[in-house]
Every structure is written in structure tokens, then in C-alpha cells.
1. Does GLU78 satisfy being farther than 20 Å from LEU154 by Cβ and of a type outside the set (Val, Ile, Thr)?
2. Do the conditions hold for ALA101, that is, is it in contact with a helix residue (DSSP H, G or I) (Cβ under 7 Å, 6 or more places away or on another chain) and modelled with pLDDT under 80?
3. So how many residues does segment 1-20 have that are within 14 Å of PRO51 (Cβ to Cβ) and within 20 Å of the chain's Cα centre (by Cα)?
4. With the structure loaded, tell me whether VAL53 is surrounded by 13 or more Cβ atoms within 10 Å (Cβ to Cβ) and aliphatic (A, V, I, L, M) or whether it fails that test.
5. Which of the strands (runs of 3 or more DSSP E) contained wholly in segment 1-109 include at least 3 residues that are hydrophobic (A, V, I, L, M, F, W, C)?
6. For segment 167-180: of the residues being touching a helix residue (DSSP H, G or I) at 6+ places or on another chain (Cβ under 8 Å) and part of a helix (DSSP H, G or I), which is surrounded by the fewest Cβ atoms within 10 Å (Cβ to Cβ)?
7. Looking only at segment 67-86, count every residue that is of a type in the set (A, V, I, L, M, F, W, C) and surrounded by fewer than 17 Cβ atoms within 10 Å (Cβ to Cβ) and tell me the total.
Amino acid sequence: MADEKITVVVVDNLPVVRHGVVSILHQSCNIGEIGESCGQAGPVIIKNLQPDVVILEIAMAEGGGRDCIAEIRKACPEVAIIIFSTDTNAERIMQAIKSGAKGYVLKTDPLEELPKAIQSCLRGELYFSPAVSAETMRAFLAGAIAPVSPLHCLTEREYEAARLFSDGKSTEEVAEKLFISPKTVRNHRKNIMGKLSCKHGNELLIKLHNFFHLQITTEEQGENSSGEKMP
């Protein structure tokens, strides 16, 4: 991906921020096309351009940006969404990641953090700038937030395939369920193994089974003992 030109859309209500981000990216990334938008027009431009990356300020959106992220993912399902914000609230940071964002960088971070985030997210990784990592770790240690699932690094399609793999479905069965070719399923499997650091198929199945099935059992036990679903 490093030698390929990428398409980026910057979504922020402040023109000075958008122009600054565009300037940084032109200097540090291999940009093919770049679009700018305020919050409301963002999904339309994203749908038209089908970018590789969206740089998004979620402070302008209600509900921590969950609906905004969902709209963007609907317009461009495979896009890597990177939050570029002034918001340092750990709970909202984790909410953004759980909603589908792949990275989080603060506007007070050094200029090189945004290009680093883009490179990492295009490799399929999650990226937190050091300042964000420190803030979320403090909140996690204080018990304010739960850890992010390792499966949040998967795309929506990879997640669907992973769930079926955890049920013991074969490549052909997964292909039939998801209406895709067996070759695409094998590609998903390869990507999932890479993102979850699995060296062989058995290790992948064990990890997926532990996540999808043991987690469900734990949550059900929590519901039975307290009457409420555990976070």
C-alpha cells in the first residue's frame, strides 16, 4: 500500500483544520485524491469518492459520533476511519473504536501522528496516538472502561466470516452463507489470521471459539446472577 496513491476525505466543521490536515497529508502521504467536508455533507462526499481513509472530528456529532461513524461505514464499508479530535474522554474514545473507527489522534499531538495513524490503519491495525493510549490506559486501570476486543481490528466482512469459522463452518459453507466466493473466504481467513497473530488454523479456531462462545457464556452468567447484562 505504501507505493499506491490513496484517497482521503477530511470531515471537520472548521475550514482551518481541514486545510491544515490537507497540507500535512500532501507533505507526508502518497495522496491520489483528497476531499474536504463539514460534518453534514461528509457521508455524501464519502459515498462519491469511496476513499481509503476518512479523517473525522466526532466532537461535532451527538452521541460520541456513533451515528456519524455508522453513516460513513454505510456509505463506504471498507474505509479506515481515523478520529482527529480535541476530545480526550476515554469512554468516548473507546465508544468510537467500538463503533468502527480504526484510529484516534488528538489535535494537540505532534504533526507526524496523523500520517502514522493512516499507515497503521491501512495495514488493518488499530492506532492510538501515545497521548490517547495513556488516557485510555489510565481509565482502564481505574475500572472506568472495558478493554477493546481484539476482533475490532477486523473489517465487517471479516468479522462475519470469523463468527462462522468459530461455529466450525467450512470455507464452502461460509461462502454460501455470505454470498461470496470460496477464494474471498480464504482471503478473509488469511487476513483474520494475520490480524490475530495466528500461526496456523487450529490456533485461529481456538481464539475465535474463546471469543465468540466463552464470552457469551460469561455474559449469560452475569445476566443470571445480577439480572443485568455485564458490560
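The values are calculated or read from the model by the stated rules, or taken from the named source; none is laboratory data. Bear in mind the structure is a predicted one, so any value in this text is a computation, not a measurement. All Cβ positions, glycine included, derive from the backbone under ideal geometry; neighbour counts span all protein chains shown.
1. Details: farther than 20 Å from LEU154 by Cβ: no; of a type outside the set (Val, Ile, Thr): yes.
No, not satisfied.
2. Against the criterion (in contact with a helix residue (DSSP H, G or I) (Cβ under 7 Å, 6 or more places away or on another chain) and modelled with pLDDT under 80), ALA101 does not qualify.
3. 7
4. Details: surrounded by 13 or more Cβ atoms within 10 Å (Cβ to Cβ): yes; aliphatic (A, V, I, L, M): yes.
For VAL53, the condition - surrounded by 13 or more Cβ atoms within 10 Å (Cβ to Cβ) and aliphatic (A, V, I, L, M) - is met.
5. Details: elements: 6-11, 31-37, 53-56, 80-85, 103-106.
Passing ranges, in order: 6-11, 53-56, 80-85.
6. GLU172
7. 1
Every residue, every condition in (1) surrounded by fewer than 16 Cβ atoms within 10 Å (Cβ to Cβ); (2) at pLDDT 90 or above, yes or no:
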position	(1), (2)
ALA134	yes, no
LEU141	yes, no
PHE165	no, yes
LYS183	yes, yes
LYS190	yes, yes
